Structure formats: structure tokens, C-alpha cells
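Worksheet: one structure, shown below.
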Amino acid sequence: MSLIEEINKRRTFAIISHPDAGKTTLTEKLLLYGGAIHEAGSVTARKNQRKSTSDWMELERKRGISITSTVLQFQYNGYNINLLDTPGHEDFSEDTYRILTAVDAVIMVIDGAKGIEAQTKKLFQVCSQRNIPIFTFINKLDRPIKEPLSLLDEIEKVLGIGTFCVNWALGSGTDFRGIYDRLSKQVYLFEKVSGGIYKAPVSIHSIEDEFVKNILGENLYPIILEELQILDIAGENFNIAEVEKGKITPVFFGSAYNNFGVQLLLDYFLKYSLPPGPHYTEKGKLINPDYEKFSGFIFKIQANMDPKHRDRIAFLRVCSGKFTRNMIVNHFGSGKKIRLSSAHSVLGQQRETLEEAYPGDIVGLISNGNLSIGDTLTEDNEIIYNEIPQFAPEIFFIVSNPNPSNYKPFKDGIEQLLQEGVVQAFELMFNYEGNTLLGAVGQLQFEVFQYRLKNEYNSESTLTPTNWSLLRWIINDVKEEKLNQKSLPIGAALGKDRKGRFVILFPSKWSLDNFLEKKSDFKLSEVPK
Ligand code: G4P
């Protein structure tokens, strides 16, 4: 098969949602319909045991949440699918941003009763900034949901994206009868199957069918016809180019728990989503996926994924060319050439040796600490990707070691967790000299940090809260003599990130604004340059 053919059959996407909207359930059902698993475990059972294929950390099991991200790879209907699981906790983490740099599309799950929730909005914004095509699945139709037309309105108003309903809900809650597929003009009737362990039976009819009229009943049937008419007249047209640009989202209705609407979602998604596209290098050069030289970037590092292996895996997104095991590539991070001998495809904790991979694929590389998040690996040393954004943290703690005799594991553990990007670290200066500051965008990142330091490196840590709430990088060359405690506002501090770039920590927005007003010779930024 040619490189182009391999690229065209790949789809790489993530599912985003507010916690509890049904992301885990939908992921599992997509795996069921995609043939990657043959039996879906009920969420209830999973809640007790957290045995879902995409959960691997003990902390996740204990807390019943998904913190780390998984890559699920499977083949279906001639497609090679890479499904990236995003962390599903209300507490946002940088991990989520990084995962979204490696996908070509997302499926956004919305709880039909709740509409757009805070986390959905946040995640949507990240995707929208990257112009990623977004497919919407309105879930839980077996429960009463908001008026479908007002849900569409909410998506358009709150998220600012146009909608095209691929299918339409025929009732909800106890009145839920199925969905109408507007593209094939067919009714799919809902049959309840207990627990949704196996694929649901489908019965497909014309909307004119007497049987359908009877099932919908004399109340619902005319309402549905009217709603469909409204959609035809007032709704957007199905313009695939607008979907590809992220301007219109195709909308699907269903019930992930009951396996209903999952097959239609999967089939239409594969049909209308794009294969892997080009990526820009740091210098703005466009690299097409069919460029014959291999290139890719690392978007995630996960250590100790499987306690039996006690190693770390760097997840690489292939951007161009063909990856083959044992190939020798340039490693931008170290400037050295490295041989990629331990490559894996990963499903939960299981891993299989991978011989080759193509653009869109995610490769798990066993790393001995030499690979970092954001690194480019390539056969063409002109290519450097700069895909991974770094964000200004908003929560800060000073970290210290309560057991000085346990110095080495403490230091090694911190080093490893920083390399994985669990939190960011800064060395403080002047009044705070000698202290290491940890920063993150979400509180949960600190919990993960402390838990993993203890469990994987047998090291306690003390986190001391601070009064800082804003961090900015200094992005212009400020003369050394100007960098002193006196030039900072009261309560502010100066520090350096791990690459030696200067940062200022401010106790409040007021303090930052005041500083900017008075010190025009300082140029500050929310992202490092
Ligand atoms: P998340 O990953 O987005 O956080 O959500 P998850 O899939 O864990 O689902 C959250 C809850 O919503 C689960 O209920 C799950 O069973 C339920 N759910 C998912 N899809 C549907 C659906 O189509 N219909 C209905 N009625 N419920 C759905 P739970 O209360 O946490 O567990 P359980 O006691 O129901 O098992």
C-alpha cells in the first residue's frame, strides 16, 4: 500500500466532555462497535473496580476518575483508528491541551439534560483555537433531555459554532423512540437492551411507515415532522468544508449506555472526518503527511504505566513519512541521532511491538529519560515542530523534602515528574533564593505529583502554599542590574524556569497591571518565548 493510501485510512481523534456526560461510556462503546473489545463492562461494575481498558493508574481507580490519557488503537471497516482519551476531571490539566495537539478531530459529548457545561466549553475553546473539526454527540436520550432545538441554540450561542443535525431525537426519557437519520432519511427505532454489554439490535424504517407512526403515537409524530421541517428550513446545510474548518459541528443524538446511535456516529464520523493533515514547523514551513521523510513529535510521557515494567513511555504522533522500528532519527532535544528500537502500540496496559507506523499513528517509545515532551524526532533535521503549548500556571506551591536523608529518590522523582510535565518548576531568586516553586493550572496536578512521588519513588514531599496567583515570562532582554527585588511590586518574586528563562510571580492581577504600567521596559508574556 502506498504512503498516501496508508494516510487516507487513518483517523486520529479524542473525545471531550464535562465529567459524567458519558465520555468513558462512549469510548467503550466505540471500542465495542469498532471490534476492539467484544463485551462492554457496565459502568456500574467499573465504578467499583475501574477496570475500563483506559484506566491504569491506581490513583485513578481510587478516585474513580481518569487522570492520565490513553491511546486506543483499533481497526474498523478499513480504517486504522487512534482514539486518544483526554483526562476527564473537572480540574483542568495541561495534559489535556497536549493531547489535543496530537489529534485531527474531536467528538464532543454533551449530556442532553445538562447542555453545555463548564468543562465542555473550556475544551471546546482549545479545539476551536486549533480549528479542529468537532463532531457532537448529545447523550442520554433515554432520560428526559432539554428541548433538542434549544440544545442546538445553546451550542450555537454558548460555543459560537454552527450546527448541522445529522440525526434527530425521536422523543426522550420514557418517550424515547429512536432517531431519524436526516442523511439517509431513515428512522432507527430504539430497543432497550439490558446493560448495553453487546451491540444493540437495530430496526430501520421509513418515517412514512405506519408502524413508525404508531410507535411515535399521535402526539409525538406531528411534533417530530414539524421539527424536521424547521431543521430543513432554518438549519445549516451540510457543508463538509465548513465542518473541516471547525465552523459547523455535525450533531448526533443517542444513548451511549444503551449503545444507541453509536454505530451511526462512528460510521459518519469516519466518513466525514479528515485523514491526517499537514503540520507547520517552528519556522512556519508546511510539512505534508506524504512527505517521504519521517517526522513526529512527543506529546506525552508516562512513567511507570505498568508497575510490572517500571519504565516510561513517550507517546509520539507521526506527522510525515513512514516510521519503522529500529530506524535512526535525529532527536532535536539532544541534537543526537537515536535508534528507535522499542516501539509499541498500546491498549490500556497491554502493549505490542510495533514494526511500522504512518502519519496519524501514535507510537509508544520506551524512553530511558532522554525524550521530553515537545521533542521532534525526524529523518530531516530541518524539521522542528513546536506544537506543545506551555501555559502560565495559576496555582503555586513551594516544594520541600521533609526527609533530607532520602535526598536521591526525592530528586530523581521530581526530575522524572517534571520531565513528564506533571507540574512545572521554577527556581526562586532574591528573598526566596534556594526554594523550588511548583506551578500548575489545576489543583489535581499537585495531588498527582505528591501521590506519584510517594508511590513510585517512595518519597514524601511538603507543599507550602504561596500568595502568588499569576506568573509571567519576561520576554525581552532586561539588563541584569534591573532584575532585583526592589524593581518588583510588594509581594512579587523573580525566578527562572528550567530553561533559565526569567519569570515574575505576582500576588494579584492588580499588582501585575500596576507593574506593567510603571515598568514599560519589561515585556511580559503568558507563554515563554
Ligand atoms: P464521563 O467519562 O464523561 O465522566 O462519564 P461516564 O461514561 O463515566 O458516565 C457517567 C454516568 O453517566 C454513568 O453513570 C453512566 O452510566 C451514565 N451514562 C452514560 N451514558 C448514558 C446514557 O446514555 N444514558 C444514561 N441514562 N446514563 C448514561 P453513573 O451513575 O456514574 O454510574 P451507573 O451507576 O449509572 O453505572
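If you put +1 on each Lys and Arg Cβ and -1 on each Asp and Glu Cβ, how big is the dipole of the chain around its Cα centre, in Debye rounded to 20?
The calculation lands at about 1400 debye.
Using only the Cα atoms, what convex hull volume per residue in Å³ does the stretch 352-424 have?
Convex hull volume per residue, Cα atoms: 162 Å³.
How much length is gained on full extension from Glu447 to Tyr198, taking 0.36 nm per residue of separation minus their Cα-Cα distance?
Answer, rounded to one decimal: 86.0 nm.
State the volume of the convex hull built on the alpha-carbon positions of the stretch 190-329, expressed per residue in Å³ and rounded to an integer.
Each residue corresponds to 212 Å³ of Cα convex hull volume.
Please give me, ordered by residue number, the GluC sites (Glu not before Pro) of the stretch 231-323 that lie in loop per DSSP and have at most 11 other Cβ atoms within 10 Å.
Sites meeting the loop and neighbour criteria: Glu292.
Lys/Arg Cβ at +1, Asp/Glu Cβ at -1, dipole of the stretch 279-378 taken about the Cα centre: which of Asn368, Phe315, Asn288 is farthest positive-ward?
Asn368
Can you give the translational diffusion coefficient of the stretch 279-378 in µm²/s, computed by Stokes-Einstein from the Kirkwood radius over Cα pairs at 37 °C and 0.692 mPa s?
Here the translational diffusion coefficient equals 241 µm²/s.
Projecting each Cα onto the charge dipole of the chain (Lys/Arg +1, Asp/Glu -1 at the beta carbon, about the Cα centre), which of Ser334, Tyr33, Asn239 comes out farthest on the positive side?
Positive-most Cα among the choices belongs to Ser334.
About the Cα centre of the stretch 325-411, what is the dipole size in debye to 20, counting +1 per Lys and Arg Cβ and -1 per Asp and Glu Cβ, all else neutral?
620
Got the relative contact order for the chain handy, in percent, Cα pairs under 8 Å and 6 or more residues apart?
With pairs under 8 Å counted, the relative contact order is 13 percent.
Helix 23-33: angle to the longest alpha-carbon principal axis of the chain, degrees 0 to 90, nearest 10?
60
Stretch Leu516-Ile4 to full length: gain in nm at 0.36 nm per residue minus the Cα-Cα span?
Answer, rounded to one decimal: 179.2 nm.
For the chain, find the longest principal axis of its Cα atoms and tell me its angle to the long axis of helix 407-419, 0 to 90°, nearest 10.
The angle comes out at about 50 degrees.
Rank Pro250, Tyr451, Leu141 by how far each Cα sits towards the positive end of the charge dipole of the chain (+1 on Lys, Arg Cβ; -1 on Asp, Glu Cβ) and give me just the farthest.
Working it through, the farthest residue towards the positive pole turns out to be Tyr451.
If you average 1/r across every pair of different Cα atoms in the stretch 132-256 and take the reciprocal, what Kirkwood value do you get, in Å?
Every distinct Cα pair counted, the radius reaches 15.2 Å.
How high is the relative contact order of the stretch 233-324, in percent, counting Cα pairs under 8 Å that sit 6 or more residues apart?
19
Let's see if you can work this out: charge +1 on each Lys and Arg Cβ, -1 on each Asp and Glu Cβ, no other charges. What is the dipole magnitude of the stretch 395-525 about its Cα centre, in debye to the nearest 20?
260
Which of the trypsin sites (Lys or Arg not before Pro) found in the stretch 127-176 are loop residues per DSSP with 16 or fewer other Cβ atoms within 10 Å of their Cβ?
Filter output for the stretch 127-176: Arg130.
Counting each DSSP H run of 4 or more residues in the chain as -39500 (n - 2.57), what helix-only mean residue ellipticity at 222 nm follows after dividing by all residues, to the nearest 500 deg cm²/dmol?
Only helices count here, giving -7500 deg cm²/dmol.
DSSP loop (so not H, G, I, E, B), at most 13 other Cβ within 10 Å: list which GluC sites (Glu not before Pro) in the stretch 395-432 pass both filters.
Within the stretch 395-432, no GluC sites (Glu not before Pro) qualify (loop, at most 13 other Cβ atoms within 10 Å).
Note down the nm distance, to one decimal, between modelled labels 7 Å out along Cα→Cβ at Ile398 and at Ser334.
Each label point lies 7 Å from its Cα, and together they span 3.6 nm.
In whole angstrom, how long is each semi-axis of the equivalent ellipsoid of the chain, when you take the square root of 5 times every eigenvalue of its Cα gyration tensor and sort them from largest down?
Over the Cα atoms of the chain, the ellipsoid semi-axes are 43, 27, 23 Å.
Values quoted throughout were computed directly from the atomic coordinates according to the rules given, and no laboratory measurement underlies them. Predicted, not measured: the structure shown is a model, and the values here were computed from it. Positions of Cβ are backbone-derived with ideal geometry, glycine not excepted, and every protein chain shown enters the neighbour counts.
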